[in-house]
1. Can you tell me which residue in the stretch B:54-78 is nearest to residue B:12 (Cα to Cα), limited to those that are within 14 Å of chain A (Cβ to nearest Cβ) and not in a strand (DSSP E or B)?
2. Out of (1) assigned to a loop (DSSP other than H, G, I, E, B); (2) within 12 Å of another protein chain (Cβ to nearest Cβ); (3) buried (at least 17 other Cβ atoms within 10 Å of the Cβ), the odd one out for residue A:37 is which?
3. Can you pull out every residue in the stretch B:30-42 that is at the interface with another protein chain (Cβ under 10 Å from one of its Cβ atoms), more than 16 Å from residue B:93 (Cβ to Cβ) and surrounded by 15 or more Cβ atoms within 10 Å (Cβ to Cβ)?
4. Where the second residue is not β-branched (Val, Ile, Thr) and the first is at positive phi and lies in the stretch B:7-32, which pairs have Cβ atoms under 7 Å and are six or more apart or on separate chains?
5. Give the stretch A:53-111 a look and list any residue that's closer than 23 Å to residue B:39 by Cβ and more than 14 Å from chain B (Cβ to nearest Cβ), or say none.
6. Of all residues in the stretch B:79-112, count the ones that are hydrophobic (A, V, I, L, M, F, W, C), touching a Gly at 6+ places or on another chain (Cβ under 9 Å) and more than 14 Å from chain A (Cβ to nearest Cβ).
7. If a residue must be in contact with a Cys (Cβ under 6 Å, 6 or more places away or on another chain) and more than 17 Å from residue A:50 (Cα to Cα), how many such residues does the stretch A:83-111 contain?
8. Restricting to the stretch B:6-26, what's the tally of residues that are closer than 11 Å to residue B:106 by Cβ and touching a Gly at 6+ places or on another chain (Cβ under 6 Å)?
Amino acid sequence: AQSVTQLDSQVPVFEEAPVELRCNYSSSVSVYLFWYVQYPNQGLQLLLKYLSGSTLVKGINGFEAEFNKSQTSFHLRKPSVHISDTAEYFCAVPQGGKLIFGQGTELSVKP
Amino acid sequence: DSGVTQTPKHLITATGQRVTLRCSPRSGDLSVYWYQQSLDQGLQFLIQYYNGEERAKGNILERFSAQQFPDLHSELNLSSLELGDSALYFCASSPNSGNTIYFGEGSWLTVV
């Protein structure tokens, strides 16, 4: 079975600093990977996805992620965060047609 | 706006009661998923329907049931409610039983 592990439950960072949210996956088959974001009191929104091709994937709001097969990772990065990036971020992997989510990482951007 | 519509947005009910959560998928999407989000369990997959038929079942309690109607909308029925059922219930949809799914805003259920 495929699974994802988000290594940090909370990441506090100052505004305009870079950030990396870590995600490791476990899979013995071809991997598709996703990052979703959940802003306070809202639903989940697709941030970016890796299906195939270039290992560097660009998403919305200036986020990007890199698929690293040798390290089984799909870390999410942003070079300069804003207060509005404060949210919970979920890494996900498909399994049997549904998505299995990690436990989430709460990104808190402070002024 | 993802295009997935859920009602009601908020619901408060008493233990032992029964509620129905409703979901309209994005136009053209055949697959509907239900997830439960709680502080202690995180995001848990409950059940998936594809074009009216149950496709996959996750950690869904026997007190819970769902269905997808011919017009592709779906309902999640929660019965004999317990305090621990208080959570945010998400509906999501996708064009097929594929990979990218789109979430609604969720239905907040509070059991008192």
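The values are calculated or read from the model by the stated rules, or taken from the named source; none is laboratory data. Predicted model only: the values in this text are computed from it and were never measured. Neighbour counts run over all protein chains shown; Cβ positions are idealised from the backbone, glycine included.
1. Across the stretch B:54-78, the extreme among qualifying residues is B:60.
2. With respect to (1) assigned to a loop (DSSP other than H, G, I, E, B); (2) within 12 Å of another protein chain (Cβ to nearest Cβ); (3) buried (at least 17 other Cβ atoms within 10 Å of the Cβ), residue A:37 is out only on (1).
3. Across the stretch B:30-42, the qualifying residues are B:37, B:42.
4. Short answer, once both residue conditions are applied: B:16/B:80; B:16/B:81; B:28/B:95.
5. A:76, A:85, A:86, A:107, A:108, A:109, A:110
6. Going residue by residue through the stretch B:79-112, those that are hydrophobic (A, V, I, L, M, F, W, C) are B:81, B:83, B:87-88, B:90-92, B:101, B:103, B:108-109, B:111-112.
Next cut, touching a Gly at 6+ places or on another chain (Cβ under 9 Å) only: B:81, B:88, B:90-92, B:103, B:111.
Restricting the remaining residues to those that are more than 14 Å from chain A (Cβ to nearest Cβ) gives B:81, B:111.
Residues in the stretch B:79-112 being hydrophobic (A, V, I, L, M, F, W, C), touching a Gly at 6+ places or on another chain (Cβ under 9 Å) and more than 14 Å from chain A (Cβ to nearest Cβ): 2 in total.
7. Step one: list which residues in the stretch A:83-111 are in contact with a Cys (Cβ under 6 Å, 6 or more places away or on another chain), which gives A:91, A:102.
After this cut, where a residue has to be more than 17 Å from residue A:50 (Cα to Cα) as well, the list is none.
The total comes to 0.
8. The qualifying residues number 1.
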